[in-house]
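Below: the structure, in structure tokens.
The values are calculated or read from the model by the stated rules, or taken from the named source; none is laboratory data. The shown structure was predicted, so the numbers you read here are calculated from the model rather than taken from an experiment. Positions of Cβ are backbone-derived with ideal geometry, glycine not excepted, and every protein chain shown enters the neighbour counts. Just the protein is used for accessible areas: all its heavy atoms, side chains included, with ligands, DNA and RNA removed. Shrake-Rupley method; radii C 1.70, N 1.55, O 1.52, S 1.80 Å.
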Amino acid sequence: MSERTCETCGETKPRKAFWGVNRAIMKTCTDCRRKEARHKRYKRAKKKADLAETRRLAKLARDKMRAEVKLTNTDKSIKYINQKIASINNKLQKYMDKMTFGGGTNKTKHAIIRQTKNVEYYEELKELVMSDAALGYDKPIEYYLDNTYLLNKHGFPCVVTDENPRSDENGN
């Protein structure tokens, strides 16, 4: 049996130490190929672990940032009110265009009046939320939307059971 010299380790070994798949003769011996395969597996596992650690740290940072950015009731209220005002302004613009181009009816005129009152109502709610936030109150939007005094003041049909929300700051 002839012997060969491994290109990697430089040792002289029997011919069968260089067999590969289907006994194809390889340039490196089986021991060196196994060692190289172990090294590649180790590198892959290390890379995978480093990537997992990076992802874990990124997730922790994102979670921490989200916790800091949690919206207060005031922020949610202002966001909701701004959305409502934008929606109403879009409706108003549509009705105004109708009136401008001669397609408006009596119903359209009343719709414009109604939507204008809605904008005024939400603007006042926004002022109330901002003034309460300045005083340190963090109330949910439902507190303001359910206030029958404000609803009645702006022409919504309801029985007034609440008092003026500004009565605390005005001393009424």
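Couplings 3J(HN,Hα) of segment 125-133, computed from phi: 4, 4, 4, 4, 4, 5, 5, 5, 5 Hz, in residue order, whole Hz [Karplus 6.51 cos²θ - 1.76 cosθ + 1.60, θ = phi - 60°; x for Gly and Pro]. Sorting the segments 76-84, 121-129, 88-96 by their mean number of nearby beta carbons within 10 angstrom, highest to lowest, gives 121-129, 76-84, 88-96. Residues in segment 148-165 carry Karplus couplings, in order, of 5, 4, 5, 4, 5, 4, 9, x, 7, x, 6, 8, 6, 10, 9, 9, 4, x Hz; the curve used is 6.51 cos²θ - 1.76 cosθ + 1.60 with θ = phi - 60°, and Gly or Pro positions show x. Taking mean projected area of the Cα convex hull in nm² as calculated from this structure, the corresponding entry among (i) 11.0; (ii) 15.6; (iii) 23.3 is (iii).
Taking all pairs of different Cα atoms in segment 56-138, averaging 1/r and flipping that mean, what Kirkwood radius in angstroms comes out? So the Kirkwood estimate lands at 15.5 Å.
Grouping the Cα pair distances of segment 33-74 into 5 Å bins from zero gives a pair-distance distribution of 5, 21, 12, 14, 10, 9, 9, 6, 6, 4, 3, 2, 1, 0 percent in increasing distance order. Protein heavy-atom surface of the chain, 1.4 angstrom probe: 53% of the accessible area is carbon and sulfur, with nucleic acids and ligands not counted. Projecting label points 7 angstrom from Cα along Cα→Cβ for D50 and N106 puts them 7.9 nm apart.
Lysine pair count for segment 52-120 (Cα-Cα distance under 18 Å; residues 8 or more apart in sequence or on different chains): 15. A Förster radius of 30 Å combined with the Cβ-Cβ distance from S87 to D63 puts the calculated FRET efficiency at roughly 0.35. Relative to the longest principal axis of the Cα atoms of the chain, the long axis of helix 73-100 lies at roughly 60 degrees.
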